[in-house]
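**Q** The structure follows.
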Amino acid sequence: MPLIKHGTLVEDIWHETDDFADVQTLAPLGPVIVTLNVWRQHRAAILAYDGRLGLRLAPGQTPDLVAADLHHFELVELEFAKFTDGRAYSHARLLRERHGFKGELRAVGEVLRDQLSFMLRCGFDAFSLETDQQAEALLAAVDEFAHWYQPAPGTSGRLDHRSTIPALRQGAGNSTNRDTAGRAATWAY
């Protein structure tokens, strides 16, 4: 399955597993992602694993359920079971803002091109896709919106570290503004 991380197509080194017998079953896999149910059932044994850990949360599982354990995980996957279910957006904001999660935040499931900009604004930085065609469409949309009117607050001020359009206008002092990469910025009215 294609994986887009920070706007680039990358190889996915993580392995998902629901099959947990003991720590030895995880070792050959490398970095592993476990579900919340596996984590709850085998937490003590999984903590003995010295490899990299990720966690997958289903739509009905809030980050508050694992807030005290988030420091054990380098990656959290939030599942979009269907495109009409927006709970993962709220969960992403909670992870970034309330719980201060700084690791990879990955969207999985029904990840649609039309929703990409909203996912980025909520703090997602990786997207697991079903097909190469979906990956191409998302890659084309990554830089579709360079500027926003509303800030995306987070633990470091802004989730995406972009200035808002009003802030750029105030700081520019002339009719040409610059984006974060120093390019001349233009806006449609």
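**Q** Can you report the number of residues in region 25-52 which are surrounded by fewer than 20 Cβ atoms within 10 Å (Cβ to Cβ) and closer than 18 Å to H91 by Cβ?
**A** Here the count works out to 4.
**Q** Here is a follow-up. Select from region 1-40 the residues that are in a helix (DSSP H, G or I) and at pLDDT below 90 and list them in ascending order.
**A** Listed by number, the residues that qualify are V23, Q24, T25, L26, A27, P28, L29.
**Q** For region 68-85, what are the residues that are β-branched (V, I, T) and within 13 Å of R56 (Cβ to Cβ)?
**A** V76
Residues are listed down the side, and each one gets a yes or a no for (1) of a type in the set (S, T, Y); (2) buried (at least 22 other Cβ atoms within 10 Å of the Cβ); (3) under 10 Å from the mean Cα position of the chain (by Cα); (4) in a loop (DSSP other than H, G, I, E, B):
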| position | (1), (2), (3), (4) |
| --- | --- |
| L70 | no, no, no, no |
| E79 | no, yes, no, no |
| Y89 | yes, no, yes, no |
| R96 | no, yes, yes, no |
| R106 | no, yes, yes, no |
| V111 | no, yes, no, yes |
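Quick grid of which residues meet (1) among the polar types (S, T, N, Q); (2) closer than 13 Å to G7 by Cβ; (3) modelled with pLDDT under 55:
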residue	(1), (2), (3)
K102	no, no, no
L120	no, yes, no
A126	no, yes, no
A137	no, no, no
L159	no, no, yes
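**Q** Just to be sure before I move on: is P59 assigned to a helix (DSSP H, G or I) and in the same structural domain as E136 (by TED's automatic domain parsing) in the structure I sent?
**A** No; evaluated as a whole, the condition is false for this residue.
**Q** Is it the case, given these coordinates, that T25 is out of contact with any helix residue (DSSP H, G or I) (no Cβ under 9 Å at 6 or more places or on another chain) and farther than 16 Å from H72 by Cβ?
**A** yes
The values are calculated or read from the model by the stated rules, or taken from the named source; none is laboratory data. These figures come from a predicted structure and were not determined experimentally. As a convention, Cβ positions derive from the backbone with ideal geometry for all residues, glycine included, and neighbour counts pool all protein chains shown.
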